[in-house]
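Below is one structure, written out as structure tokens; the observations come after it.
Since every read-out is calculated from the coordinates, none of them should be taken as a lab result. None of these values were measured; they are calculated from a predicted model. When we count neighbours, we look across all protein chains shown, and the Cβ atoms used for this are built from the backbone with ideal geometry, even at glycine.
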Amino acid sequence: MKKQQWITAGIGISLVVLIYFFGRTVPVKAEQVAINAENGQVVIFDSVLAHAKLKLSNSQILYLNQLENSISRGDIQTQQLEVFHQLAHFWKDTARIFEPYAYYEAEAARLENSEKNLTFAAHLFLSNLQAEGNPELKNWKARQAKDLFERSLKINPDNDSAVVGIGATYIYGNISANPMEGILKVREVLERDSTNIFAIMTLGRGSVISGQSDKAIERFEQANRIQPGNLEAILSLADIYEKKGDKKQAINWYIKSLPYIEIPGLKEEVEKRINDLK
């Protein structure tokens, strides 16, 4: 992925971090996607996993096979949880491939059934799916995130973050025929809490996706007023103004972002954008 793409509005700073650590995600061709006849959902993890394993050495494949077959008699749930954690760590730290890492984090969270871990795993998928170009894989990631947020909401029905997260899966993942379904969920939270940054940013990203740049600017400016130094909001504003051809405003927002950028490569790219726009 080119460094210039790091600052594209709507992908989110969390996605910038994911790309920084994982690089490209695993591409899955349409013919690799299998359909689960029982629930009609797209089930592609087996294809994703098989494709990811092609990038591994023989010794790494052997290690994975041992892990995957290591559950024995006894406390199966405890063993399974440990294996999921080990698999997640392998795909994150050794292979550096996102999809298997997020999947095993999600499976561990479902087994533990803790609000904190379910929410963490849900946000992994939610952040990543925004830049996913493969429709089937985007759908799978959105449904993974939605399921995890729904499980979290069952544990804590007052968790507004989970409600916004579910709405975001509709907005980013196209998992509903009615695009307003996700927006209404997010607005529901904003009616209770007008300063909810997650909800404001979600609507801002949704406006970017739908091409409503003026509404997106309004949302991102609102987020920056409530939370000065919100890097995603600032970079999103810079990107929108650049696309609108307003170089002065674009430069202004890019300059504002610099004190908050901690990733060296991203900071260099923003500085380059500023110079190019002058």
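For the stretch 98-162, relative contact order (Cα pairs under 8 Å, six or more residues apart, normalised by length) works out to 36 percent. Evaluated over the Cα positions of the stretch 80-235, the convex hull gives a direction-averaged projected area, one quarter of its surface, of 9.7 nm².
Computed from phi, the 3J(HN,Hα) profile of the stretch 45-58 under the Karplus parametrisation 6.51, -1.76, 1.60 (θ = phi - 60°) reads 4, 4, 5, 4, 5, 4, 5, 5, 5, 5, 8, 9, 7, 4 Hz, with x in place of Gly and Pro. Straight-line cross-link partners of K138 among the lysines, defined as a Cα under 24 Å from its Cα and at least 8 positions apart when in the same chain: K2, K3, K29, K53, K55, K92, K116, K146, K185. Would you mind computing the Rg to Rh ratio of the stretch 51-101 from its alpha-carbon coordinates, Kirkwood style for Rh? Result for the stretch 51-101 is an Rg/Rh of 1.00.
Projecting each Cα onto the charge dipole of the stretch 92-214 (Lys/Arg +1, Asp/Glu -1 at the beta carbon, about the Cα centre), which of Q212, I97, L118 comes out farthest on the positive side? Farthest towards the positive pole: I97.
Loop-located trypsin sites (Lys or Arg not before Pro) across the stretch 40-139 with a Cβ neighbour count of 10 or fewer within 10 Å are R73, with loop assigned by DSSP.
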